[in-house]
Amino acid sequence: MAPSIADHEEEEYVHQEEEEEEDDIDFSDLHEQFEVQMEEGLDAFVVVDGLPVVTEENKPKLVKFLTKRLNEVGRAKADQIFMPIDEATGKSQGYAFVEYETADQATAACKQLSGIALDKKHTIYINKLTDIERYGREGRIDEQYTPPPKEEYVQQEHFRWWLSDINARDQFIMYRGDNVGVFWNKKKDTPEQIVDRLMWTEMFVKWSPLGTFLTSMHPQGVQLWGGQSWKRIQRFYHPYVNMVEYSPKENYLVSWSNRPISLPDGPHPLGPEEEGKNFLVWDLKTGTLLRSFANLEVRGEEEGKRKVQWPVFKWSADEKYLARIRPGQAIEVYEVPGMGLLGKKSVKIEGVVDFEWAPETVKLAGRKDTEQLLAYWTPEMENQSARVGIMAIPSKTVVRTRNLFNVSDCKLHWQSEGKHLCVKVDRHTKTKKSTFTNLEFFRVTEKEIPVELLELKETVINFAWEPKGDRFVIITQQEVPAGVQVGAAPKTSVSFYGPEIKKGSVGNFKLIKTIDKKNSNAIYWSPKGRFVLVGTVSSQQFFDLDFWDLDFDGEKKDQPTDVAANLQLMNTAEHFGVTDVEWDPTGRYVATSASMWKHTMENGYHLWDFKGTLLREEHIDRFKQFLWRPRPPTMLSKEQQKQVRKNLREYSRVFDEEDLYETETANKEVIEARKRALQEWTAWRQRTEKQLREERVARGLPADPFEKFKVKKEEATVIEEIVEEVIHESEEIVA
Amino acid sequence: MRPIILNGHERALTQIKFNRDGDLLFSTAKDHVVCAWFSANGERLGTYHGHQGALWTVDIDPTSTILATGAADNTIRLWEVRTGRLLKTWDFPTAVKRVEFNEDGNLLLAVTEQRMGYLGTVVAFNINSDVDGPQEDEPIFKITFDESKATVAAWSYLTKFIVTAHEDGSVATWDAKDGSFIQRVQAHEQDMLITDMQMAADRTYFITACRDKTAKVIDVNTLQVLKTYVTDTPLNTAAITPLKEFVVLGGGQAASEVTTTSQRQGKFEARFYHKIFEEEIGRVKGHFGPLNTIAVHPAGTGYASGGEDGYVRIHFFDKAYFDFKYEVERFQPQEVQTTA
């Protein structure tokens, strides 16, 4: 099984070859299809139709006029226009033959000039002479329109079948060696394999954002797989594709290659407009290309030095807009699916460095309509301070700006519901000798978007919002005096923040706790919030993972009482060589993995529960990727969810029973298997030993083969030796 | 379980062997010296000098009087254990990779390397147990391998067969009287070299270690694979423990790759598996190079391992080792004991 694009075609071809003997094949259809066009010399000729009927005298006038029009796309001299005159009437017949200099010019004429109006009455149609020969002959084209046969409706597989698993298990992908497999999570037990294919992908795999499709990457393009049979659902032709980005609702796809497309000679679905482009925007369901874009030329920076910031094209939450930045100049916002620039102009923002869409559609206070929001920032320029702005799209109105000073860098962090925007501002002192970080919080949903400022003395190296929450974790690092430490990375501090308890709204952000002298560099929140894993990832020396709970049930200890959180470290663990951390979409499990893409030491994965209990570890040679299958948002209403939460005990009892039953049966099976193994072994041993004894007796040997080597007891004598040794001698004078 | 570390070799260990009483341990390494040790305290009894090349193999007869060694200087040498006196030297065209006495100590087999136009062979010699008596010059018979060379070989119970394990992952049996072929089985993965083979105490079954990262327990009579132990590293050696139903496996990355990888990744641990249930039950760390050879004390009270790092480590088992039992084993204590 090798479902790559090329192999698939080859497969079909081989299949055909095997099935039919060459002699029996009727090649006439192929002959027709691939008939070699012999009339090469006529390629430069076109037939112009729909001309006015003129008399002999007026003909030169018309020819002159026509020549002018026809020369718009190529060169056709007046004497190369042949307009036949009907001898009976002495008038022209409304058509003419024209010879262009080259066949290309003739093609261009057909494309560009056909269908234009000469005057009110006359519209000309231009066709290639060879085309008229080919299609215009009698019998070639059916006079009568016959509607194409209606395709039989085929029931499609359910693309979300995995959600109906009776035990609500989650699926994950493992890419190791050349195999890609999808598995059910079985907690402590060996994952249950659903499908496993060799060479399923040639670069990496990726789930679509709602988990419907599995994406495989090939030199020929991108393929999507899904359904219970894991069949191919769609493929997108893009030679040497490097990256792919889905729109949030899985309706569109952007693929990118660092090599500009150069159209191959063979058959392919791309048009001439795609030549030299890097980005292709696709409609996912139909597989049609919406638009192509080239890489932006970056001014003043050397080729190759600049890292590609992926994604380049960013989708708004409602998928209606696709935007990218023209660094230092503007943000280009395109309307989907028309793919035209919004308002036919890009949004000019001088100096703009980066922007981020709000991850959800946010309703601004005091406004009836909702718009998509995007945040952007501009650095300090002549006579102007650095600035962060929030803009509403499609109206392009700037709803909030804030000026910043002494800025060296900014990062924009939206909270997952778009309620808050945190701008991490790396600032430098006036002497530019040291840097520190300010966090500016924009309360997007509140009236006039108030901003709260949190000033820190250190630099923040990582920031993460709690999904659907108001709390966040930061990792800070003391500045390293230049050139002092070599090798040893400076210690980091992990700080937890939460809002003050305040009725009716979210209070000010306040520090819950700081843990110093850590090596942590990465924050992974559970997708459901509350739990967070803070760890050291992709480091050479440290591999620690801390599992935190922010709503611990027990008593609050040494932390402020007025903050809506109760922080508790649940477990600290280690995973040697960890490079990736992935929460499952339900927030029940975490997988940490060591990928051979980063290093080749102890590749494999560990599976933990949310409390940090190690459930399973597996070392797998040439392990590359571990990806949980995402789940679409729940379809239960808020009330239903509340109901579920209320009756959680009831449900959990059922699940506990099921789990218990499963482990019991599993244990039983193991014990049974062991019993069997032991019995078989014992039986075999008894048989062999009996046979051995018999054979020895038959040869007249004693039953114990080593009898003759045994030292007879009587011969051995015990020699007891008593050695006396003076250890210490001292004299004492007794008075 | 604090090990006794024997630091007497300057180069990688190739084979270690306990004598039948388990009080002595013999070791060979790629330096040109054979060492004899007291296993109880790790004191060196003495060395045997004379070989001109790297030593590959050693064996001791059941009475602990004669020692046989094979080396890359293309010789087998017989030594008097007590004095270190050289008794006999047999010359071959190629290196000697494995020597072994049969259970009576009156026969010796040797595996010779395939090299420089010479095919690999197994030869069998009569051994005169009198240290002052003469030894025969010519072997009783010679088995020549024209397809895949043998890497290791051993005698079966009652000196019925010679079992050979091959470069291509197969094992074969030969009649121990005249060297005629009996049968061959592809026990391991195709073209994966079998690195070690050790007999159980009564020589009715044996364990093989292979580069395909598995070890297998095989019946001598039928060559049927009884058990398979799957690991995550190429194996160099495997041994069966008496007393307890375990096997000990050792290996690690190929010696040539060790310098490029960390100790942690090298997998230089001795691994204990349950012989019957094929499950890993423990590991012993310590070496900082791959394990080349493991020998188990004949009484089952300890084991020794020799590594590419030049050290031999002798371990005596703790009480926990002897107490360890699976649930199902506890239910049938009597039956288990009969199988020991």
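The values are calculated or read from the model by the stated rules, or taken from the named source; none is laboratory data. Computed from a predicted structure; not experimentally measured. Methodologically, a virtual Cβ is constructed for each residue, glycine included, from the backbone with ideal geometry; neighbour enumeration extends over all protein chains shown. Quick note on the areas: whole protein, heavy atoms, side chains included, nothing else; ligands and nucleic acids left out. Shrake-Rupley method; radii C 1.70, N 1.55, O 1.52, S 1.80 Å.
Can you list, largest first and rounded to whole Å, the semi-axes you get for the stretch B:12-156 by taking the square root of 5 times each eigenvalue of its Cα gyration tensor?
Output for the stretch B:12-156: semi-axes of 24, 17, 14 Å.
For the stretch A:426-566, with only Lys/Arg (+1) and Asp/Glu (-1) charged at the beta-carbon, what is the dipole magnitude about the Cα centre, in debye rounded to 20?
The calculation lands at about 300 debye.
Report the gain in length on full extension from A:Glu555 to A:Lys249: 0.36 nm times residue separation, minus Cα-Cα distance, nm rounded to one decimal.
106.0 nm
In square angstrom and rounded to 100, what buried accessible area do you get between chains B and A, total over both, with the probe at 1.4 Å?
The summed interface area works out to 3100 Å².
Pairs to check: A:Lys457/A:Lys510; A:Lys668/B:Lys213; A:Lys432/A:Lys491; A:Lys186/A:Lys419. Give those whose C-alpha atoms are more than 25 Å from each other in this structure.
Going by Cα-Cα distance, A:Lys668/B:Lys213; A:Lys186/A:Lys419 fall outside the 25 Å limit.
Between B:Thr204, A:Ala108, A:Val281, whose Cα lies farthest towards the positive end of the dipole of the protein assembly as shown when Lys and Arg beta carbons carry +1 and Asp and Glu beta carbons carry -1, centred on the Cα centre?
Selected residue: A:Val281.
Based on the alpha-carbon set only, what is the convex hull volume of the protein assembly as shown divided per residue, in Å³?
For the protein assembly as shown, the hull spanned by Cα atoms encloses 350 Å³ per residue.
Using only Cα positions of the stretch B:134-284, each an equal point scatterer, no hydration layer, compute I(q)/I(0) via Debye at q = 0.10, 0.13, 0.21 Å⁻¹ and quote the log10 values to two decimals.
Normalising to I(0) and taking log10 leaves -0.37, -0.60, -1.27.
Give the angle, between 0 and 90 degrees and rounded to the nearest 10, that separates the Cα long axis of helix A:648-698 from the longest principal axis of the Cα atoms of chain A.
Value to nearest ten degrees: 70.
Report the net charge of residues surrounding B:Phe92, where surrounding means a beta-carbon distance below 10 angstrom and charges are Lys +1, Arg +1, Asp -1, Glu -1.
-3
Please arrange A:Thr286, B:Thr89, B:Thr231 by accessible surface area, largest first, computed with a 1.4 Å probe and ligands excluded.
A:Thr286, B:Thr89, B:Thr231
With all protein chains present, calculate the accessible area of A:Leu412 using a 1.4 Å probe and round the result to the nearest 10 Å².
20 Å²
If you place +1 on the Cβ of every Lys and Arg and -1 on the Cβ of every Asp and Glu, how big does the dipole about the Cα centre of the protein assembly as shown come out, in debye to the nearest 20?
For the protein assembly as shown, the charge dipole is close to 5040 debye.
What do you get for the angle between helix A:59-70 and the principal long axis of chain A? Use alpha-carbon atoms, 0 to 90 degrees, nearest ten.
The angle comes out near 10 degrees.
Mind listing the long-range amide H neighbours of A:Ser408? Cut-off is under 5 Å, sequence gap 5 or more, other chains count too, H placed in the peptide plane at 1.01 Å from N.
A:Asp426, A:Arg427, A:His428
Please give me, ordered by residue number, the trypsin sites (Lys or Arg not before Pro) of the stretch A:193-280 that lie in loop per DSSP and have at most 16 other Cβ atoms within 10 Å.
Those satisfying the criteria are A:Lys249.
Per residue, how large is the accessible surface of the protein assembly as shown? Use a 1.4 angstrom probe and give square angstrom.
The answer is 53 Å² per residue.
Can you give the accessible area of B:Ser305, probe radius 1.4 Å, in Å² rounded to 10?
Roughly 0 Å² of B:Ser305 is accessible to a 1.4 Å probe.
Pick out, in residue order, every one of the GluC sites (Glu not before Pro) in the stretch A:79-136 that is DSSP loop and has at most 13 other C-beta atoms within 10 Å; say none if there are none.
A:Glu87, A:Glu101
Using alpha-carbon pairs under 8 Å, 6+ residues apart, how would you state the relative contact order of chain B in percent?
13 percent
Going down the list B:Lys17/B:Lys319; A:Lys249/A:Lys598; A:Lys206/A:Lys277, which pairs span over 26 Å between their C-alpha atoms?
Beyond 26 Å between Cα atoms: A:Lys249/A:Lys598.
Using only the alpha-carbon atoms, how far is helix A:5-19 inclined from the longest principal axis of chain A? Give it as 0 to 90 degrees, nearest 10.
80 degrees
So which aspartates and glutamates pass the test for A:Lys320, namely a Cα distance under 12 Å, with those fewer than 8 places away in the same chain ruled out?
A:Glu335, A:Glu371
Would you mind telling me the share, in percent, of accessible area of the stretch B:1-146 contributed by carbon and sulfur at probe 1.4 angstrom?
Of all accessible area on the stretch B:1-146, carbon and sulfur atoms account for 44 percent.
Provide, in order from the shortest bin, the percent of all Cα-Cα pairs of the stretch A:189-245 in each 5 Å bin, continuing until the bin that contains the maximum pair distance.
4, 18, 28, 25, 15, 6, 3, 1, 0
With r defined as the distance between the Cβ atoms of A:Ser164 and B:Arg44 and R0 fixed at 60 Å, what FRET efficiency is calculated, to the nearest 0.05?
The value I calculate is 0.25.
Where does each of A:Tyr651, A:Tyr497 land when they are ordered by accessible area, with a 1.4 Å probe and the largest first?
Ranking A:Tyr651, A:Tyr497 by accessible area, largest first, yields A:Tyr651, A:Tyr497.
Loop-only check: which trypsin sites (Lys or Arg not before Pro) in the stretch B:117-212 are DSSP coil with at most 10 other Cβ within 10 angstrom?
Answer in residue order: no site qualifies.
Can you show me the helix-derived [θ] at 222 nm for the protein assembly as shown, built from DSSP H runs with n ≥ 4 at -39,500 (n - 2.57) apiece and divided by the number of residues, rounded to the nearest 500.
Theoretical 222 nm ellipticity from helices: -4000 deg cm²/dmol.
Students sometimes get this wrong: rank B:Ile143, B:Ile4 by accessible area, probe 1.4 Å, all chains present, largest first.
I get B:Ile4, B:Ile143, largest accessible area first.
Please give the contour-minus-distance gain from A:Ala78 to A:Lys528: 0.36 nm per residue of separation, less the Cα-Cα distance, rounded to one decimal in nm.
154.4 nm
Under a straight-distance cross-link criterion of Cα-Cα below 16 Å, which lysines are reachable from A:Lys368, leaving out those fewer than 8 residues away in the same chain?
Result set, ordered by chain and number: A:Lys447.
Return the distance in nm (one decimal) between the two label points of a simple spin-label model at B:Thr144 and A:Glu669, each offset 7 Å from Cα along Cα→Cβ.
If labels sit at B:Thr144 and A:Glu669, their model points lie 5.5 nm apart.
For B:Glu10 and B:Asp132 in one chain, what is 0.36 nm times their gap in residues minus the Cα-Cα distance, to one decimal in nm?
Roughly 40.7 nm would be gained on extension.
Accessible surface of B:Lys97 in the full protein assembly, 1.4 angstrom probe, to the nearest 10 Å²?
Approximately 60 Å² of B:Lys97 is accessible to the 1.4 Å probe.
Can you pull the percent of chain A's accessible area that's carbon plus sulfur, 1.4 Å probe, other chains left in place?
50 percent
Rg and Dmax of the stretch A:379-514, Cα atoms, in Å?
Values for the stretch A:379-514 (Cα only, Rg and Dmax): 16.4, 52 Å.
Using a Cα-Cα cut-off of under 16 Å, which lysines could be cross-linked to B:Lys149, ignoring same-chain neighbours fewer than 8 residues away?
B:Lys97
Taking the Cβ of A:Lys518 as the center, what net charge do the other residues with Cβ under 10 Å away carry, scoring Lys and Arg +1 and Asp and Glu -1?
-1
If the convex hull of the alpha-carbon atoms of the stretch A:42-136 is projected onto planes in all directions, what is the mean projected area in square nanometres?
5.9 nm²
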